Amino acid sequence: MKAIQMVDLVGQYQKIKSEVDVAMQRVLDTASFISGPEVKEFEKELAAYLGVKEVIACANGTDALQIAMMALGLKPDDEVITPSFTFVATVEVVALLGIVPVFADVLPGTYNMDPADVKRKITPKTRAIVPVHLFGQTADMEPIMALAKEHDLFVIEDNCQAVGSTYTFSNGTNQKAGTIGHIGTTSFFPSKNLGCYGDGGAIFTNDEELAKRLRKVCNHGSDVRYYHEVVGVNSRLDSLQAAVLRIKLRKLEEYDAARNAAAAFYDQAFAELNDITVPQRSPNSTHVFHQYTMRVTEGMRDGLKQHLEANGVPAMIYYPVSCHMQAAYKSARCPEGSLPVTEQLTREVLSLPMSTELDNEQLTHITNTVKSYFKQ
Ligand SMILES: *Cc1c(COP(=O)(O)O)cnc(C)c1O
């Protein structure tokens, strides 16, 4: 059996090596490393795939969120509602801009933002909602967009984990994750579903005026070189990364199918185990399984993780500490105990290996190792 990894990026590269190597060489031969044609082409191709008007490539997913908030003119003391059960980047950029993060709880089945709790957290200072499409499923966007409309709020979708996921509205229309709110953001960090070979990110919007502001902020606040109208940052995707992403974008649906096949294998194997709750499929979103994250009966998770690791199966806890419990982001407004679902999840969740390259032998070993822990 091939050694099992959380994400097998080497195995994935081996299968596309000839295409990637040619594309990389093409960039090297032209030495057009920054803002070259590869980046423009990639932006167009990703926009077409997502069905969104504008894609603006940038340096990483954290920058994408920060640039979104800068372009929307969010100011110190404004409030932004985000989940606490997320990767810290979402909250970090809010705090960096002097904006106040206000945490909403998540739903116990999908781990995504609970619209009912978002509603409770809206105040006269709220300016934006930042749903995170966690682990590969779109958050429940219809009620979130309705709240935003009612209270005149911006919606920035943190889509770093769910590129390709499709959300279905109650009238039957479909939209890709990240294209529903005013702005969507993503990351091309190597282990993300659409990952490059270094850092990368992008911002999506259907609003052409907003797209101009986003491009300006990415480029030192400038449209015309050496004239700076607003405070900006330096955030760009380089051409080598764009060349890799163009190839991987063409494989994305095949990759999603491989991830879903692994998830189905896990689901079936664990159906009989009372101590495991498999990840719930949202009734209105497809799942692209950035992570296969299950819940384990409280008190048994850490033992299972050790048992897996002792048997050559890596497993990770995403996330062991939620944002409102982090030293950097603790506040009297959101004390321990105030987000009960989030806090329960940090004690129960465990993510199993998930990648495009898992074979049946590996999946069988992983599921048998999980089962053997409960049958000792
Ligand atoms: C990965 C990730 C980010 C940050 O992306 P980087 O490219 O690493 O900056 C932000 N939010 C979420 C939910 C993520 O998973």
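Each reported figure results from applying straightforward, stated rules to the coordinates on display, with no laboratory input. Computed from a predicted structure; not experimentally measured. For neighbour counting, all protein chains shown are included, and Cβ atoms are generated from backbone atoms with ideal geometry for every residue, glycine included.
In the chain, the ratio of gyration radius to Kirkwood radius, Rg to Rh, stands at 0.97 when only Cα atoms are counted.
The orientation-averaged shadow of the Cα convex hull for region 227-280, equal to a quarter of the hull surface, comes to 7.8 nm². When DSSP beta bridges are restricted to pairs lying wholly in region 85-185, around 40% turn out antiparallel. Please give the Cα centre distance for region 157-179 versus region 217-250, rounded to the nearest Å. If you average the Cα positions of each part, the centres end up 25 Å apart.
With a/c under 1.5 counting as rounded, go ahead and sort region 61-163 into rounded, prolate or oblate using the C-alpha gyration tensor (a ≥ b ≥ c being the square roots of the eigenvalues; past the cut-off, prolate if a/b is larger than b/c, else oblate). Because a/c hits 1.5 or more and a/b fails to exceed b/c, region 61-163 counts as oblate. Measuring between their Cα centroids, region 256-272 and region 294-353 lie 22 Å from each other. Within region 1-82, the chymotrypsin sites (Phe, Trp or Tyr not before Pro) that combine a DSSP coil assignment with at most 16 other C-beta atoms in a 10 angstrom radius are F33.
With no solvent and one point on each alpha carbon, what is the Debye value of log10 I(q)/I(0) for region 133-226 at q = 0.21 Å⁻¹? Values, matching the q order: -1.08. Listed values for region 88-95 are Karplus-derived 3J(HN,Hα) couplings in whole Hz (6.51 cos²θ - 1.76 cosθ + 1.60, θ = phi - 60°), namely 4, 3, 4, 7, 4, 5, 4, 5, and x replaces Gly and Pro. Converting phi to 3J(HN,Hα) with the Karplus coefficients 6.51, -1.76 and 1.60 and the offset θ = phi - 60°, region 109-122 yields x, 9, 6, 9, 3, 8, x, 5, 6, 4, 4, 5, 8, 6 Hz in sequence order, with x at every glycine or proline. Based on alpha-carbon atoms, the Kirkwood radius and the radius of gyration of region 100-156 give Rg/Rh equal to 0.93.
Stretching the chain fully between N234 and I317 yields a gain of 26.6 nm (0.36 nm per residue, less the alpha carbon separation). For M300 and H151, a Förster radius of 35 Å and the Cβ-Cβ distance give a FRET efficiency of 0.25, rounded to the nearest 0.05.
For region 162-171, the Karplus equation 6.51 cos²θ - 1.76 cosθ + 1.60, evaluated at θ = phi - 60°, returns couplings of 9, 4, x, 5, 10, 9, 10, 7, 5, 8 Hz by residue, with Gly and Pro reported as x.
Here the contact order of the chain, divided by its residue count and restricted to Cα pairs under 8 Å and six or more residues apart, works out to 22 percent. Using only Cα positions of region 252-374, each an equal point scatterer, no hydration layer, compute I(q)/I(0) via Debye at q = 0.16, 0.18 Å⁻¹ and quote the log10 values to two decimals. Relative scattering, expressed as log10 I(q)/I(0), comes to -0.83, -0.99.
Each label point was placed 7 Å from the Cα along the Cα-to-Cβ direction; for L9 and N368 their separation is 3.1 nm. Normalised by the number of residues in region 252-374, the average gap of Cα pairs under 8 Å and 6 or more apart makes the relative contact order 35 percent.
The Kirkwood hydrodynamic radius of region 255-305, based on inverse pair distances between different Cα atoms, is 12.0 Å. With all pairs of separate Cα atoms included, region 186-285 yields a Kirkwood hydrodynamic radius of 17.0 Å.
Projected label points at I34 and I16, each 7 Å from Cα along the beta carbon direction, are separated by 2.6 nanometres.
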